[in-house]
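Please read the structure below before turning to the comments.
The values are calculated or read from the model by the stated rules, or taken from the named source; none is laboratory data. Values in this document were obtained by computation on a predicted structure and should not be read as measured data. With ideal geometry, Cβ positions are generated from the backbone for all residues, glycine too; neighbour counts draw on all protein chains shown. Surface areas here come from the heavy atoms of the whole protein model, side chains and all, with no ligands, DNA or RNA. Shrake-Rupley method; radii C 1.70, N 1.55, O 1.52, S 1.80 Å.
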Amino acid sequence: MSAAQTIDDTAAHAPAPAAQGLAGDAASPDAIRKLSRSLAGAKSVKAQKKAIELLKLSVAAIRVGDFEKATQRALAALNHDETMGVGWHVLAICQEKLNQFGPAIHAYEAALQLLPDETDIAHDLGRLAQRLGYLDISEKLLIKYLAANPGHVEAVNNLACVLRDQNRYNDAVELLRPMLEIESDNAVLWNTLGTVLNDEGRLNEALTFFEEALRLDPAFAKARYNRANVRRPLGDIKGAMEDMAAAMPGAETSYEIAMMNMALALMKMGQAMIPEAFEAYEVRLDPNLPDAMQVAVDAPRWNPKTDDVAGKRVLVVGEQGIADELVFSNCLQDLIDAVGPEGQVYLAVEQRMVGLFQRAFPQAIVGGHRAVRLEGRLTRYIPFAEEMAKTGTKMDFWVPIASLMAVYRPTVESFPGPRAYIVPSPEKVEYWKGELARLPEGLKVGLHWKSLVMTGARAAFFAAGFQLWEPILRTPGCVMINLQCGDVSADLEAAEAAGVYIWTPPINLKDDLEDVAALSMACDVVLGPGIAGTNIAAAAQARTWMVVAPDDWHLLTTDHYVFYPETKIFVRQAVNGWPEVIGRLRAALDRVVADGWNAA
């Protein structure tokens with residue numbers, strides 16, 4: 001679990017932080033009482049006596065929330081005796097509460113190795129593994145715990161959450177069903193069942209279960225938070241905001257506080273409460289969120305309230321995924337103008353996008369960043385800036401790209417008109433126009449249909465199956481061009497078996513983004529959900545039709561995608577919305593085939 005992972009994010013914009021059902025806390029009063037009893041009953045030899053006393057002091061510090069002091073005492077205890085499994089368990093709890101996830105994992109693993117029969121350790125580590133996205137490991141640890149503690153409600157609940165996050169919805173429901181027959185008044189289980197249905201996109205049913213959880217426990221903050229995130233796409237904006245405000249005082253951990261603040265920021269952006277919402281969006285960098293980005297750069301972060309950037313070297317660091325880098329590049333020209341001819345803007349983006357951004361912003365110096373996930377924490381490195389520093393060129397400031405929004409977009413009216421945020425190679429565009437001309441006669445339709453990342457709640461944002469797209473694929477007068485990245489061979493084989501022709505270009509649609517952008521420009525129209533591919537098309541000013549969720553914050557209460565004003569949006573319904581919206585896309589294509597683009 002400690003290996004580094006390189007990050008490849010070709011995903012769509014992230015939805016609100018995932019619905020929460022995970023139960024338990026390694027530092028809960030019950031857990032700490034159990035540790036205290038274990039230490040009180042410990043039979044120590046002289047060499048261990050001091051270590052046990054130090055661990056008792058560490059547990060006392062945990063009780064009052066002083067995890068720094070607790071860590072120091074646990075480490076001191078382990079210096080006396082590093083073979084004490086309970087010492088490693090205490091240290092693991094301290095490190096987890098301090099968001100030191102790598103050291104926490106190592107400490108849990110050491111504790112489990114020394115105390116293999118202490119299943120509480122397996123449960124704690126399983127819960128942390130789920131939080132960090134190590135789902136296979138979490139599942140194994142929770143199953144181990146349940147083998148020793150069959151019917152344990154909290155562990156069953158948490159295993160259901162892991163199954164949910166693996167998109168194993170039926171398995172999660174079948175695990176919860178018999179437990180609910182026994183524990184019908186358990187609000188935690190009803191809430192988790194609601195999160196499973198929410199992730200499936202069954203929002204009305206999920207709402208019912210969240211309301212049942214709140215009926216049983218009106219103070220249950222997680223259920224209220226989850227209900228808020230369901231009410232908003234169902235159109236109950238007022239109720240969603242009220243639920244979110246009511247949930248926040250009941251947040252039990254620093255992670256939950258950050259998670260709820262993140263969801264509230266997205267809600268505020270959706271309601272165009274700017275610049276307040278963009279300022280609140282800074283919570284995305286809160287280290288209490290496991291996916292919060294850390295940046296390894298030798299420069300202070302720019303504070304627009306105190307730092308004048310005129311004449312300065314400013315490094316802008318792209319964040320999250322490709323789609324987000326494209327959206328937030330909306331403000332790059334504003335910063336370039338503010339820095340002026342005496343200064344310099346440097347832009348770090350996904351390596352595959354460097355040339356595309358450089359052509360769009362010739363006044364900037366564009367290079368690639370490198371993202372590595374170290375034991376659950378995302379760190380972004382800027383190799384080209386590090387090389388420049390070796391030659392004496394150091395940055396005066398750095399800034400995350402999304403943080404420019406609060407500075408330069410105080411109102412919806414302050415968004416610029418249509419412009420390209422990436423520029424494909426003109427030679428490549430002409431090449432792909434020639435290739436498309438060799439295909440059968442008809443409108444050339446570039447097609448995307450799902451995100452490369454389909455885990456957890458994200459899966460509900462996309463059509464449940466490729467077969468739903470059949471009305472589009474069979475549009476008379478159209479030739480379908482596959483622009484979908486990832487392994488979609490099964491989808492393409494199914495289409496071919498059904499007699500549908502889809503042309504796939506001889507390129508790597510995941511990595512050859514210069515060609516993807518150029519091919520998008522060569523197509524007559526590119527359509528699909530709001531993923532990286534459709535954002536590439538829209539940012540290049542290719543004709544783009546984008547399917548968006550009813551609560552997509554990028555609309556900012558308008559009837560268009562404010563970041564790409566020329567993009568035509570198709571808003572799908574929150575419940576069972578894909579067949580209807582695909583029907584509208586098909587009708588729009590039929591009109592264009594019959595009467596030309598003025599009919600679109």
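Taking amide H atoms as placed 1.01 Å from N in the peptide plane, list the residues 5 or more away in sequence, or in a different chain, whose amide H sits under 5 Å from that of GLN344.
HN-HN under 5 Å from GLN344: LYS312, ARG313, VAL314.
What is the helix-to-structure angle for 101-114, meaning the angle in degrees between its Cα long axis and the longest Cα principal axis of the chain, kept from 0 to 90 and rounded to the nearest 10?
The answer is roughly 40 degrees.
Amide H neighbours of VAL547 under 5 Å, counting only residues 5+ apart in sequence or on other chains, H built in-plane at 1.01 Å?
So VAL547 has HN proximity to GLY528, GLY530, PHE570.
Nearest 10 degrees is fine. How inclined is helix 153-165 to the longest principal axis of the chain, computing both from alpha carbons?
On a 0 to 90 degree scale, this one is about 20.
Decide, for the stretch 309-428, between rounded, prolate and oblate: order the square roots of the alpha carbon gyration tensor eigenvalues as a ≥ b ≥ c, take rounded if a/c falls under 1.5, and otherwise choose prolate if a/b is larger than b/c, else oblate. Write out the running numbers ahead of the final one.
Numbers: a/c = 1.30, a/b = 1.18, b/c = 1.10.
Rounded is the answer for the stretch 309-428, as its axis ratio a/c remains below 1.5.
If you take every DSSP beta bridge whose two residues both sit in the chain, what share of them, in percent to the nearest 5, is antiparallel? Spell out each step's value before the answer.
Working: 8 of 45 bridges.
Antiparallel: roughly 20 percent of the beta bridges in the chain.
Might you report the magnitude of the Cβ-based charge dipole of the stretch 270-357 about its Cα centre, with Lys and Arg at +1 and Asp and Glu at -1, to the nearest 20 debye? Can you show the working numbers first?
Values: 6 positive and 15 negative charges, 39 e Å.
Dipole magnitude for the stretch 270-357 comes out near 180 debye.
Please list the non-local residues whose amide H lies under 5 Å from the amide H of GLY446, H modeled 1.01 Å from N, same-chain partners needing a gap of 5 or more.
Counting only residues 5 or more places away or on other chains, the set is ILE481, ASP524, VAL525, VAL526, LEU527.
Name the residue farthest towards the positive end of the dipole of the chain from the options ALA240, MET353, ASN576, assuming +1 on Cβ of Lys and Arg, -1 on Cβ of Asp and Glu, about the Cα centre.
After comparing all options, I get ALA240.
At a 1.4 Å probe radius, carbon and sulfur cover how many percent of the accessible area of the chain? Write out the running numbers ahead of the final one.
Numbers: 12460 of 24500 Å².
That fraction is 51 percent.
Per residue and in Å³, how big is the convex hull formed by the alpha-carbon atoms of the stretch 272-323?
Details: hull volume 7.3 nm³, N = 52.
Per-residue hull volume (Cα only) is 140 Å³.
Starting from the alpha-carbon convex hull of the chain, give the projected area averaged over all orientations, in nm².
Numbers: hull surface 117.9 nm².
If you wrap the Cα atoms of the chain in a convex hull and average its projections, you get 29.5 nm².
Output the relative contact order of the stretch 128-252, whole-number percent, from Cα pairs under 8 angstrom with separation of 6+ residues.
Working: 146 pairs, mean separation 18.9, N = 125.
Taking the mean separation of contacting Cα pairs over the length of the stretch 128-252, I get 15 percent.
So how strong a dipole does the chain carry about its Cα centre when Lys and Arg Cβ are +1 and Asp and Glu Cβ are -1, to the nearest 20 debye? Show your work: numbers first, answer last.
Details: 57 positive and 76 negative charges, 181 e Å.
The dipole of the chain has a size of about 860 debye.
Find the relative contact order for the chain and round it to a whole percent, using C-alpha pairs within less than 8 Å whose residues are 6+ positions apart. Please list the in-between numbers first.
Working: 1065 pairs, mean separation 83.8, N = 600.
14 percent.
What does the helix-only formula give at 222 nm for the chain: each DSSP H stretch with n ≥ 4 adding -39500 (n - 2.57), the total divided by the residues, and the result rounded to the nearest 500 deg cm²/dmol?
Values: 26 runs with 293 residues, N = 600.
The per-residue figure over the chain is -15000 deg cm²/dmol.
Where in the chain lies the longest segment free of GluC sites (Glu not before Pro) that are both loop residues by DSSP (not H, G, I, E, B) and have at most 13 other Cβ atoms within 10 Å? Don't skip to the answer; put the middle values down first.
Numbers: sites that count: GLU82, GLU252, GLU342, GLU441.
Longest stretch, sites excluded: 83-251.
Cα-Cα over 27 Å: which of LYS144/LYS510; LYS97/LYS394; LYS433/LYS568; LYS510/LYS568; LYS305/LYS394? It would help to have the intermediate numbers written out before the result.
Numbers: LYS144/LYS510 38 Å; LYS97/LYS394 35 Å; LYS433/LYS568 22 Å; LYS510/LYS568 24 Å; LYS305/LYS394 22 Å.
Pairs exceeding 27 Å: LYS144/LYS510; LYS97/LYS394.
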